[in-house]
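Colleague: Once you've had a glance at the structure underneath, I'll fire off some questions.
The values are calculated or read from the model by the stated rules, or taken from the named source; none is laboratory data. Predicted, not measured: the structure shown is a model, and the values here were computed from it. Here the Cβ is made from the backbone with ideal geometry for all residues, glycine too, and neighbour counts use every protein chain on show. The protein model used for the area step is the full one, side chains on, heavy atoms only, and it has no ligands, DNA or RNA in it. Shrake-Rupley method; radii C 1.70, N 1.55, O 1.52, S 1.80 Å.
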Amino acid sequence: AYGETGSAAMRRILCRLAGPARGQHLQKLSTATVRSVATGVIGCSSRKDAILAYDDELTPELYSSSVRALAAAIRTGETSSVEVVQAFLDRIETVNAKINAVVVLAGDEALDAAREADAQLSRGQIKGPLHGVPMTIKDSIDTAGVVTTYGTKGRSTYVPPTDATVVARLKSAGAILMGKTNTPEFTLSYETSNSIFGATNNPYDLTRTPGGSSGGASAILAAGGSPFDIGSDYGGSIRLPSHCTGIAGIKPTAGRVPRTGHGFHFGGLLDAFQQLGPMARHVTDLSLLLPIIAGPDWIDPYIVPMSLRDPADVKLQDLRVSFHKDNGIQTPTPEIAQVVNAAASVLADTGAQIDEARPTGIESSYDIIMDAWNRCDPPLDKKLLKAAGTSREETTLQWIFEVPAATDEQIVDAVTRMDHCRSQMLAFMENYDVILCPVNALPAMKHASESAQDLRPFSYTMTYNLTGWPSAVVRGGTSPEGLPIGIQIVGRPWREDIVLAVAQLLERQLGGFQAPDI
């Protein structure tokens, strides 16, 4: 709904446009009149058209504001870093007991850093585009001086001496760490729960999961306890939680963002599956954050020095778009299929070429990925457990001890099949710039629904870990249960600009993030 928050933000825009004298008059107008005036002054005919106009404006409750709005307001002195950090810490205190998303809090340290950020501003010093803006970070990513467990018992009190590359870059840009968000053990589950901190709940329905493995991040973002977080994605771990909680997230191209300092680190036969990426409530915030964390760090050997293009330069009407509602592996709910149809219609209205088609070979991708995971993951997972000091009795990853050791021939066959599928799908993408499809076959599930180990509903994200292509998620609808439904936007390698441009359009036209009642 438009609501008082949107109207208050629009009122501030109009007052600035009108000047002091007329602004005083506008402050007295009713909400309905504000909307009417907005239509005439800014050319916004609905909330969908107005979203981009007020996403950069502070909301009355600071914790609902976008990253861009917070950063701008701190820089201009409209608010202070201390005020912003305190607002988010207060919000965490209000919601976290219900959702168990923030598992390590660094509130005192965050307020100290905020005071220093304000002092720097008073001296005319600005660290970067995120100066004074708070953040949370997934607990699978190292944070210097703050406990980082990876969700595994052997690291329950471990404090890293250095920051992961992405964290160091965000801090250099001025961001302030408030705490760590929950993750399953070594990120290896589609539900966020572990034996140290327990389960994280979905703020739209506490009996349901926010997804995994970046479920702690998505839950606190949706609940307003953090403006942004960094997730990791090995089979959908940014995109599934974004779908389950109605936020925005992007898995960049494989080779875009360094994994240095991440619990499930770089390397191995399945290295291209794992990427780190930003999560926030607004697509424009993803566009702000991704360039900050991208690029070689001269440690992760798989990162490519590829330039990032600007989403603002994308001509939507020139795009060639394919969409599919069923990947031939698991049919989604009718409502999820309808959201894909709605997204395709939005792109069609721009003049883009739209075809209902799915990539060649996609129907085989699930079996290929599951075979690869079963062949290649158990030895790596056992090494991770040993390095962390987690015993077999303590780990939640019991399945890795039950899978027979793979032969050399089986491993070679798994890798060969992966590359064949990648080649088939790449040939399909020669004719398209974008693929629209479901994020998952289901909305957010009840806790422990994954117990049957049928992962076919998750195949919609898994496929694009296999290819390594960039893919984003933005909310596009609502399920009959009142749960968010995301739409997945997939692009060619290195074309995050196109993915983000399309995501921003869909956010504007289909409604985007809608806060839960919590």
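Colleague: From the residues in the range 319-354 that are within 18 Å of PHE428 (Cα to Cα), free of Cβ contacts under 8 Å to residues at least 60 places away in the same chain and not small (Gly, Ala, Ser), which one is most open to solvent (accessible area, probe 1.4 Å)?
Modeller: GLN353
Colleague: If you scan the range 207-236, which residues turn out to be assigned to a loop (DSSP other than H, G, I, E, B), open to solvent by less than 10 Å² (accessible area, probe 1.4 Å) and in contact with a helix residue (DSSP H, G or I) (Cβ under 6 Å, 6 or more places away or on another chain)?
Modeller: So the first thing to find is which residues in the range 207-236 are assigned to a loop (DSSP other than H, G, I, E, B), and the list is 207, 209-214, 223-227, 234-236.
If we keep only those that are open to solvent by less than 10 Å² (accessible area, probe 1.4 Å) as well, we get 209-214, 223-227, 235-236.
Of everything in the range 207-236, those that are assigned to a loop (DSSP other than H, G, I, E, B), open to solvent by less than 10 Å² (accessible area, probe 1.4 Å) and in contact with a helix residue (DSSP H, G or I) (Cβ under 6 Å, 6 or more places away or on another chain) turn out to be PRO210, GLY211, SER213, SER214, ALA223, GLY224, GLY225, SER226, PRO227, GLY235, GLY236.
Colleague: Please go through the range 404-420 and give me each residue that is among the β-branched types (Val, Ile, Thr) and surrounded by 14 or more Cβ atoms within 10 Å (Cβ to Cβ), ordered by number.
Modeller: Within the range 404-420, the first condition is being among the β-branched types (Val, Ile, Thr), and the residues that meet it are 407, 411-412, 415-416.
If the condition is that a residue be among the β-branched types (Val, Ile, Thr) and surrounded by 14 or more Cβ atoms within 10 Å (Cβ to Cβ), then ILE411, VAL415 are the ones that fit.
Colleague: If you don't mind, another one. Filter the range 140-153 down to the residues that are open to solvent by 40 Å² or more (accessible area, probe 1.4 Å) and touching an Asp or Glu at 6+ places or on another chain (Cβ under 6 Å) and list them by number.
Modeller: Once the filter is applied, which keeps residues that are open to solvent by 40 Å² or more (accessible area, probe 1.4 Å) and touching an Asp or Glu at 6+ places or on another chain (Cβ under 6 Å), the range 140-153 yields only LYS153.
Colleague: Just one of the numbered conditions (1) open to solvent by less than 10 Å² (accessible area, probe 1.4 Å); (2) without any contact (Cβ under 8 Å) to a residue 40 or more places away in the chain is not true of LYS315; which one?
Modeller: (1)
Colleague: Which of (1) over 19 Å from ALA222 (Cβ atoms); (2) part of a strand (DSSP E or B) is the odd one out, the single condition THR136 does not satisfy?
Modeller: In the conditions (1) over 19 Å from ALA222 (Cβ atoms); (2) part of a strand (DSSP E or B), THR136 misses (1) alone.
Colleague: Which is part of a strand (DSSP E or B) and under 26 Å from the mean Cα position of the chain (by Cα), of LEU347, LEU436?
Modeller: Details: LEU347 fails: part of a strand (DSSP E or B).
Matching residue, one of LEU347, LEU436: LEU436.
Colleague: Also, quick follow-up: Could you list, in sequence order, the residues of the range 181-206 that are assigned to a loop (DSSP other than H, G, I, E, B), open to solvent by 10 Å² or more (accessible area, probe 1.4 Å) and either in contact with a strand residue (DSSP E or B) (Cβ under 8 Å, 6 or more places away or on another chain) or at pLDDT below 95 (or both)?
Modeller: Within the range 181-206, GLU191, ILE196, PHE197, ASN201, TYR204 qualify.
Colleague: Could you identify the single residue in ALA348, ALA343 that is hydrophobic (A, V, I, L, M, F, W, C) and either out of contact with any helix residue (DSSP H, G or I) (no Cβ under 7 Å at 6 or more places or on another chain) or modelled with pLDDT under 95 (or both)? If you could, list the steps in order and put the result at the bottom.
Modeller: Working: ALA343 fails: either out of contact with any helix residue (DSSP H, G or I) (no Cβ under 7 Å at 6 or more places or on another chain) or modelled with pLDDT under 95 (or both).
Result: ALA348 is the single residue among ALA348, ALA343 that is hydrophobic (A, V, I, L, M, F, W, C) and either out of contact with any helix residue (DSSP H, G or I) (no Cβ under 7 Å at 6 or more places or on another chain) or modelled with pLDDT under 95 (or both).
For every residue, the table says whether it meets (1) within 18 Å of PRO484 (Cα to Cα); (2) open to solvent by 60 Å² or more (accessible area, probe 1.4 Å).
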{"position": "ARG422", "(1), (2)": "no, no"}
{"position": "LEU426", "(1), (2)": "no, yes"}
{"position": "MET429", "(1), (2)": "no, no"}
{"position": "ASP433", "(1), (2)": "no, no"}
{"position": "LEU436", "(1), (2)": "yes, no"}
{"position": "MET445", "(1), (2)": "yes, no"}
{"position": "SER449", "(1), (2)": "yes, no"}
{"position": "ASP454", "(1), (2)": "no, yes"}
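Colleague: Starting from residues that are among the β-branched types (Val, Ile, Thr), open to solvent by 10 Å² or more (accessible area, probe 1.4 Å) and in contact with an Asp or Glu (Cβ under 9 Å, 6 or more places away or on another chain), keep the ones in the range 154-175 and report whichever is farthest from GLY389 (Cα to Cα). Show your work before the answer.
Modeller: Kept after step one, since they are among the β-branched types (Val, Ile, Thr), are these residues of the range 154-175: 157, 159, 162, 165-167.
Next, only the ones that are open to solvent by 10 Å² or more (accessible area, probe 1.4 Å) stay: 157, 159, 162, 165.
Keeping just the survivors that are in contact with an Asp or Glu (Cβ under 9 Å, 6 or more places away or on another chain) gives 162, 165.
On the way: THR162: 19, THR165: 24 Å.
Here the residue is THR165.
Colleague: Right, something else. When you check THR396 against the structure, is it more than 28 Å from ASP326 (Cβ to Cβ), of a type in the set (Ser, Thr, Tyr) and over 28 Å from the mean Cα position of the chain (by Cα), yes or no?
Modeller: Working: more than 28 Å from ASP326 (Cβ to Cβ): yes; of a type in the set (Ser, Thr, Tyr): yes; over 28 Å from the mean Cα position of the chain (by Cα): no.
Answer is no for this residue.
Colleague: So, one more: Of all the residues that make up the range 66-104, how many are assigned to a helix (DSSP H, G or I), in contact (Cβ under 8 Å) with a residue 24 or more places away in the chain, surrounded by fewer than 24 Cβ atoms within 10 Å (Cβ to Cβ) and in contact with an Asp or Glu (Cβ under 9 Å, 6 or more places away or on another chain)?
Modeller: So the answer is 4.
Colleague: While we're looking at this one, here's another question. For the range 487-518, give me each residue that is in contact with a Gly (Cβ under 8 Å, 6 or more places away or on another chain), outside any helix (DSSP H, G or I) and farther than 13 Å from ARG281 by Cβ.
Modeller: Passing the criteria: ILE487, PRO493.
Colleague: Something else: Suppose we keep only residues that are out of contact with any Phe, Trp or Tyr (no Cβ under 6 Å at 6 or more places or on another chain) and in a loop (DSSP other than H, G, I, E, B) within the range 237-246. Which one would you say is nearest to VAL490 (Cα to Cα)?
Modeller: By that ranking, first place goes to ILE238.
Colleague: Of the residues that sit in the range 380-398 and are assigned to a helix (DSSP H, G or I) and without any contact (Cβ under 8 Å) to a residue 12 or more places away in the chain, which one is nearest to THR148 (Cα to Cα)? Spell out how you get there, then give the answer.
Modeller: First, the residues of the range 380-398 that are assigned to a helix (DSSP H, G or I): 380-388, 398.
Still in the list and also without any contact (Cβ under 8 Å) to a residue 12 or more places away in the chain: 383, 386-387, 398.
On the way: LYS383: 18, LYS386: 17, ALA387: 14, GLN398: 22 Å.
By that ranking, first place goes to ALA387.
Colleague: Keeping to the range 459-518, report how many residues are open to solvent by 20 Å² or more (accessible area, probe 1.4 Å) and at positive phi.
Modeller: Number satisfying all stated conditions: 2.
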